[in-house]
Amino acid sequence: QVQLVESGGGSVQAGGSLRLSCAVSGNIDIANCMAWFRQAPEKEREGVAAIYIGAGVTYYADSVKGRFTISQDNANNTVYLQMDTLKPEDTAMYYCAADAGMPVVPSLVLHRVVYHYWGQGTQVTVSS
């Protein structure tokens, strides 16, 4: 039984910050990667940030580089997404995801097909 639960979303003004949390429960010790995705209305779900759990190597979408930071706290089984300098175009439902222990090549690390476990999402709204 694996469960991912996101929290930390909300409504902020442009230029503000939020930190999203993904609490992980269940046996996912074999997972290689965890990631954050987002989906705005009428748009496809896009990968925002990902981290290789063992190596700590991170990847980001070009649209958030320099503004968002993904990190992990293994002791607490939690993955975070620190979002700074938020823009209205960051408005979306944000989802946490984990793979099922399959090898993940960097070229696919921000693709949703890689991920098996998903949270139900937390809404982020950025106003101007």
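The values are calculated or read from the model by the stated rules, or taken from the named source; none is laboratory data. Nothing here was measured: the structure is a model prediction, and the numbers come from that model. Cβ coordinates were reconstructed from backbone atoms using ideal geometry, including for glycine residues, and neighbour counts include every protein chain displayed. Each accessible area value is taken on the protein alone, full model and side chains, heavy atoms only, with ligands, DNA and RNA left out. Shrake-Rupley method; radii C 1.70, N 1.55, O 1.52, S 1.80 Å.
Data overview
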| item | result |
| --- | --- |
| Residue match in the stretch 59-73 (condition: at pLDDT below 95, touching a helix residue (DSSP H, G or I) at 6+ places or on another chain (Cβ under 7 Å) and either basic (Lys, Arg) or over 17 Å from residue 25 (Cα atoms) (or both)) | no |
| Selection from the stretch 58-104 of residues that are in contact (Cβ under 8 Å) with a residue 24 or more places away in the chain, of a type in the set (A, V, I, L, M) and open to solvent by 30 Å² or more (accessible area, probe 1.4 Å) | 93, 100, 102 |
| Which numbered condition residue 117 fails, given (1) more than 21 Å from residue 16 (Cα to Cα); (2) surrounded by fewer than 17 Cβ atoms within 10 Å (Cβ to Cβ) | (2) |
| Sole exception among (1) out of contact with any strand residue (DSSP E or B) (no Cβ under 7 Å at 6 or more places or on another chain); (2) open to solvent by 50 Å² or more (accessible area, probe 1.4 Å) for residue 112, by number | (1) |
| Test: residue in the stretch 108-118 that is assigned to a strand (DSSP E or B) and of a type in the set (D, E, K, R) | no |
| Residue match in the stretch 7-16 (condition: open to solvent by less than 50 Å² (accessible area, probe 1.4 Å) and either in contact with a Phe, Trp or Tyr (Cβ under 6 Å, 6 or more places away or on another chain) or at pLDDT below 95 (or both)) | no |
